[in-house]
Amino acid sequence: MKKFARQGWIVSGLLCLLVAAGCNRHRHPRSRVSEVLLSDGHSKDGILRGIYDGQGLWRWTAPSFAFELDPPAGKAAYLEMDFTVPQELMEKSPNVTLVSKVNGVEVGRHDYQKADRYLFSTKVPPEALQKEPAEVEFAVDHSVTDQGRTLGLIVVSVGLKEYEETAGFRDAQLAQSRQAYENVLKQRDLQIPVEKQRELMKLFHSLPIWDSMWFQNVRIIKNPLDLWMLQQIAYEIRPDYVIETGTWYGGSALYWAHTLNGMGLENSRVLTVDIQDLTGQGASANPLWKRYVEFTLGSSTDPAIVAKFAQRVKNARTIINLDSDHSMRHVLNELHAYAPMVSPGSYIAVEDTHLDGVPTHPEQGPGPMAAVLQFLSENHDFEQDFSREAMVMTSYPGGWLRRKK
């Protein structure tokens, strides 16, 4: 009997191991979580403890709360938290201390003397990231009680980010973009005071007309003064190709087609690319579109699309206009990808540098202006042509980049 009992235990053990192995085989791998947004509609993945349920764009925390986050791979990590020190907490003490730890290693300690919204940001030392995913813990030294809950802070988001994704990077790039715009105003060879130029630019870009512009009954968002300058460049270069990133409804590509046709450049072509195809709402039916324009559906930075365009324009006179995604990273990637296609003496025109330069839309930065600054610091084959800004009111301040001959 003991022999059979022993065999029974062995069989049962093997069955348990097989079941466990089967369960592990079907278990879904954990998704990487680098940032947690504590608002309605977002996953609770990454929350370990100390976050209370709620509604809206934020959540109350306990005095101590923690997350499980993945740091950026192969790069320095920065810990950021968007939060509010509530008035209820400040009424308990004139000073609230927040301590942050990553895998038990203290990485930051800050004091707050008034109720307000803050951004906690600190670089995480490598020794704190020996374990991944990392346990990120915060603690405040005061709390309040409400409806049986012990409350600490009000938190919007927490993340482990690379520097280029942090608010600190954004603020630094925006500051550089604004300074670069001021330098542009000074370098223009105009008899108009800088203060007047600044005023004109802000007034011009605040006009409501930009939402209701059409070319040949096709939607377009282009500064007419810039369109004039672009046709002047086309007359000087006489391009074989114009590459445009950001087609939208096709109004600007159609404008290029009319320009090439008016110059008698029957063999020239406009290569335009966008992640969506809206050209069927009027542009693609135009006879000049059919003759001159070739539309590509996809991302302007897709390596396959870039390679196709590069092969097409090889050894040809080429003008490039960038007007797609206006984030700094995307525009910089476009500049690196398309700059080699620009023929000597020709241009790569970076549109909407006014967004983070003037700035007309600082909330969107860092953007095209920041990308131009970074590109010019790395590539010395191009120079800014301020003569193209003679009409002051441009969407390309500092963005007319001419390839040196």
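Some observations on this one:
- Only aspartates and glutamates eight or more places from Lys290 in sequence, or on another chain, were considered; those with a Cα closer than 14 Å are Glu266.
- Taking the longest Cα principal axis of the chain as reference, the axis of helix 224-237 is set at about 70 degrees.
- Volume of the convex hull of region 260-321 (Cα atoms only), normalised per residue: 93 Å³.
- Over region 29-119, all Cα pairs binned in 10 Å intervals from 0 give whole-percent P(r) values of 13, 44, 34, 8, 1, listed from short to long.
- Distance between the modelled labels on Ala304 and Asn379, one decimal in nanometres: 2.4 nm (7 Å Cα→Cβ projection).
- Taking region 288-324 and a reference point 7 angstrom along Cα→Cβ of Leu227, the backbone N atoms nearer than 19 Å belong to 288-294, 320-324.
- Volume of the convex hull of region 295-360 (Cα atoms only), normalised per residue: 92 Å³.
- Taking volume of the Cα convex hull per residue in Å³ as calculated from this structure, the corresponding entry among (i) 243; (ii) 136; (iii) 153 is (i).
- Cα-based helix-to-principal-axis angle, 303-312 vs the chain, degrees rounded to 10: 20 degrees
- Within the chain, percent of DSSP bridges classed antiparallel, to nearest 5: 75 percent
- Close amide H pairs (under 5 Å, H built 1.01 Å from N) link Thr296 with Thr272, Val273, Asp274, residues at least 5 positions away or on another chain.
- Simple spin-label estimate for Leu119 and Leu200 gives 3.4 nm between the two label positions (7 Å along the Cα-to-Cβ direction from each Cα).
- In terms of distances greater than 19 angstrom between alpha carbons, the cross-link table entries Lys44/Lys131; Lys101/Lys161; Lys222/Lys404 yield Lys44/Lys131; Lys222/Lys404.
- In percent, rounded to a whole number, the relative contact order of region 325-405 is 39, using alpha-carbon pairs under 8 Å and six or more apart.
- Using every pair of distinct Cα positions in region 115-218, the Kirkwood expression returns a hydrodynamic radius of 19.9 angstrom.
- A straight Cα-to-Cα reach below 21 Å connects Lys114 with the lysines Lys92, residues fewer than 8 places away in its own chain not being considered.
- Estimated FRET transfer efficiency (Ala172, Glu266; beta-carbon r; R0 51 Å; 0.05): 0.55
- Judged by the mean number of other Cβ atoms found within 10 Å, the most tightly packed of the peptides 187-198, 86-97, 147-158 leads the ranking 147-158, 86-97, 187-198.
- Overall dimensions of region 324-402 as given by Cα atoms, namely Rg and Dmax in Å: 11.7, 35
- Stretch gain in nm, segment Asp189-Gln281, where the contour uses 0.36 nm per residue and the Cα spacing is subtracted: 28.9 nm
- Approximate spin-label separation Glu132-Ala76, in nm, with each point projected 7 Å along Cα-to-Cβ: 1.8 nm
- Spatial separation of Cα centroids for region 215-256 and region 40-60, in angstrom: 47 Å
- Mean-square fluctuations from a GNM of the chain, with a 10 angstrom spring cutoff on Cα atoms, peak among Asp111, Asp385, Asp45 at Asp111.
- In degrees, nearest ten, helix 2-26 long axis to first principal axis of the chain (Cα): 20 degrees
- Karplus-derived 3J(HN,Hα), 6.51/-1.76/1.60, for each residue of region 51-61, Hz, glycine and proline x: 10, 8, 5, x, 9, x, 9, 8, 9, 6, 10
- For the chain, the per residue solvent-accessible surface stands at 51 Å², with DNA, RNA and ligands left out and a 1.4 Å probe.
- Linear extension gain, Ser43 paired with His110, 0.36 nm per residue minus alpha-carbon span: 21.3 nm
- Descending semi-axes in whole angstrom, ellipsoid equivalent of region 139-281, from the Cα gyration tensor: 46, 24, 16
- Kirkwood-type radius of region 201-324, with distances r between different C-alpha atoms, in Å: 14.9 Å
- Carbon plus sulfur fraction of accessible area for the chain, probe 1.4 Å, in percent: 52 percent
The values are calculated or read from the model by the stated rules, or taken from the named source; none is laboratory data. This one's a predicted model, so the numbers in the text were calculated from it and none came from an experiment. Glycine gets a Cβ as well: all are built from the backbone with ideal geometry, and neighbour counts include every protein chain shown. The accessibility values were calculated without ligands, DNA or RNA, using every heavy atom of the protein model including side chains. Shrake-Rupley method; radii C 1.70, N 1.55, O 1.52, S 1.80 Å.
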